Amino acid sequence: MRYMEIDWNKAWAEETELWNQSAGKPCQGFWEDKNSAEVFAQKDIRQHKKRLEKTLSLLELTPDMRVLDIGAGPGNLAIPMAKKTAWVTTVEPSPGMNAVLDDQIAENRITNITTIRAAWEEVDITLLTPPYDLVVASLSLGMPDLKGTIEKMNQVCSGQVALFWHAGIPEWEDMPRALWPDIFAMPYHGGPKSDIIFQLLYRMGIYPDVKVFSNDFCEIFESMDSAVSFYARRFQILSPEHQPIVEAYLKEHCKKDDRGLVHEFNHIIMKLSWQLGDSGCSSTQGEKR
Amino acid sequence: MLTVNDLTFSYGRQRVLKNISFQIRKGELCALFGPNGTGKTTLFKCCLKFLVPDSGTVRINGKDIRRLPPRQMARLVAYVPQAHHCAFPFTVSQMVLMGRTPHLNRFFTPGAKDRKVADQAMQTLGISHLSDTAYNRLSGGQQQMVLIARAIAQQTGLIFLDEPAAALDFKNQITLWQTLQAIAEQGTAILACTHDPNHVSWFCHSTVVLDRSGLLAKGPPGQVMTQEMMDRIYGDACRVWNINGLKIMVPGTMDTGTTNIVAFPGNRKGIHHK
């Protein structure tokens, strides 16, 4: 195969589609109501503290900055960013996540956040107030058209665009990767990774800075039943006949401590960022090879 | 045998089950009926403790399933999946014998009694002649029969079946439902989900009907499967005919003037209509 003929945006779209099929539904639909979003938000702050701190430190925020946060979720990045910058605009489609974000804004008495309740692909940019000094998307690249997503980000940015995404195989994919071939006679697809983003950016004439950091977190369950149910919800493709298989896997891979049943994961995150108007970013000059 | 009380479950913001309550008695063959996407599979998953509901309880034999360990659960309820992928070429008799797992001694070796129960289950389903055939070489319909035999060998008071007739030809569909009737007659409670309103009407003692708003009705098919009910579920897509008290669902476009019902599967002492 001639590598220059690969359409990396298509590769991204295909991997995203396979990812959705492997789970039985799109990943974006997972935490949609306010209760689930609250669980996520609390868990995110508790168990992802290290990741959030690392992410914030890599963003080099300044008090005069205006920030666009795409896929803001419950605001775990947006809230601390608002405290360190002039203004934050969030883009988030999930009503549940937005409800938690509203609570967070009120609770923290934040007055410099604008919330836009839509998916980035659907946002009418005439409703935004560009240009932003920083456009960030942290672990929120569920969109099938990544090229369109990036072009739209560049359009509204005059400073830095920063994408945080997975590199390598995160450990939460270990279970479906181990079980799916036996259960469904097909491999599990856990979604596209940072290599495709890099290839796509390069082809777009964008040569990004890459920073790497590792992160670990865990899921904590009060019992084996709630652990099995958690994964049965996440992977709707699973049926009750798979219960013994899932349970056997969890028995082997979770450890018990005073918090309950603990499933630990390690994963590696890449920050891919570029400066608009920089010689390393010639996105306005069309595709480059 | 099965009591579902005020069960509610959501996938994210999407509420799939809302305040579902019903009961199934010993020896009752009950159809779980409703259009796609109304939560039949989710209800099964909740009843089998595969999903933990947001609220509500499920009791089997009076016992709250939240307090039942897996082995005890497997002695009370058997589950027959819709399609079963099996990577390893087990023979039919090995597959059926697996139904005995929750009853085995601590060395997990099946004894003479277990083999006898498995043989009887194969006889009941009429698949004894296949006992040495590899399961993964059977047709979809035959595989379905094996999975049902496995559930019978499990000797539980309650069996769940997910779309049991979906892979079967017409004759085998009739055989299947008659087999389920015979199993129910021996005292087993059966909950089978199905898309076919005629199967509900012809073969089942009762039906639980779900639609997007929740539980629509629970009762004998003769009372539940009315024109009003079918209109509510399917718009005006089908007509309900009443033949000597038996309800038959036909397409709404069917011309009654030229259509002759010659016979229908005789679960009710072989009544034939002309």
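Laboratory data are not the source of any read-out in this text; all were calculated from the coordinates shown. Bear in mind that the values here come from a model prediction, so they are computed numbers and not experimental data. No Cβ is skipped: glycine too gets one built from the backbone with ideal geometry, and neighbour counts run over all protein chains shown.
Here the extension length gained between B:Arg212 and B:Gln120 equals 29.0 nm, from 0.36 nm per residue of separation less the Cα-Cα distance.
Residue exposure proxy: A:Glu222, A:Glu17, ordered by other Cβ atoms within 10 angstrom of their Cβ from fewest to most, comes out as A:Glu222, A:Glu17. One decimal place: the segment B:Gln23-B:Phe90 gains 20.5 nm when fully extended, by the rule 0.36 nm per residue minus the C-alpha distance.
Here the label points at B:Ser55 and A:Val210, each 7 Å from Cα along the C-beta direction, are separated by 5.1 nm in the simple model. Computed from backbone phi with θ = phi - 60° and the Karplus coefficients 6.51, -1.76 and 1.60, the 3J(HN,Hα) list for the range B:90-97 is 5, 7, 4, 5, 5, 4, 5, 5 Hz; x is used for glycine and proline.
What number comes out for the charge environment of B:Ile65, summing +1 per Lys or Arg and -1 per Asp or Glu over other residues with Cβ under 11 Å away? Please list the in-between numbers first.
Details: positive: B:Lys49, B:Arg59, B:Lys63, B:Arg66, B:Arg67; negative: A:Asp225, B:Asp64.
Summing Lys/Arg as +1 and Asp/Glu as -1 gives +3.
Its DSSP H runs of at least 4 residues, each contributing -39,500 (n - 2.57), put the calculated 222 nm mean residue ellipticity of chain A at -12000 deg cm²/dmol, to the nearest 500. Relative to the dominant Cα principal axis of chain A, helix A:194-203 is inclined by about 30°. In order along the range B:185-192, phi translates into HN-Hα couplings of 4, 7, x, 7, 8, 10, 10, 10 Hz, rounded to whole numbers, per the Karplus curve 6.51 cos²θ - 1.76 cosθ + 1.60 with θ = phi - 60° and x for Gly and Pro. Taken along the Cα-to-beta-carbon direction at a fixed 7 Å, the label points for A:Ser57 and B:Lys113 span 6.5 nm.
By counting other Cβ atoms within 10 Å of each Cβ, how are B:Thr42, B:Thr175 ranked from fewest to most?
Numbers: B:Thr42 24, B:Thr175 18.
Fewest-to-most ranking of B:Thr42, B:Thr175: B:Thr175, B:Thr42.
Backbone amide hydrogens, once placed in the peptide plane, bring A:Ala118 within less than 5 Å of A:Glu92, excluding anything fewer than 5 places away on its chain.
3J(HN,Hα) along the range B:147-160: 5, 5, 4, 4, 5, 5, 5, 5, 6, 9, x, 9, 10, 9 Hz, from the Karplus curve 6.51 cos²θ - 1.76 cosθ + 1.60 with θ = phi - 60°, whole Hz, x for Gly and Pro.
With a Förster radius of 56 Å, plug the Cβ-Cβ distance of A:Thr114 and B:Gln186 into 1/(1 + (r/R0)^6) and report the FRET value to the nearest 0.05.
Working: r = 67 Å, r/R0 = 1.20.
E between A:Thr114 and B:Gln186, to the nearest 0.05, is 0.25.
Report the extension gain between A:Asp182 and A:Leu128 in nm, rounded to one decimal, defined as 0.36 nm multiplied by the number of residues separating them, less their alpha carbon distance. Mind dumping the intermediate values first?
Details: separation 54, 0.36 × 54 = 19.44 nm, distance 4.85 nm.
Taking A:Asp182 through A:Leu128 to full extension adds about 14.6 nm, to one decimal.
Only lysine pairs 8 or more places apart or on separate chains count here, and in chain B those with Cα atoms under 17 Å apart total 11. Taking amide hydrogens as placed 1.01 Å from N in the peptide plane, the amide H of B:Val80 sits under 5 Å from those of B:Phe160, B:Leu161, B:Asp162, each at least 5 positions away in sequence or on another chain. Taking a point 7 Å out from the Cα of A:Lys50 in the direction of its Cβ, the residues of the range A:144-176 whose backbone N falls within less than 20 Å of it are A:164-175.
Partner chain Cβ atoms within 10 Å, averaged over the residues of B:44-55 - can you pull that number for me?
Mean shielding count: 5.
FRET efficiency for B:Arg75 and B:Met98, Cβ-Cβ distance as r, R0 = 25 Å, nearest 0.05? That pair, B:Arg75 with B:Met98, gives E of 0.95. Listed by Cβ neighbour count within 10 Å, with the fewest neighbours leading, A:Trp87, A:Trp274 appear as A:Trp87, A:Trp274.
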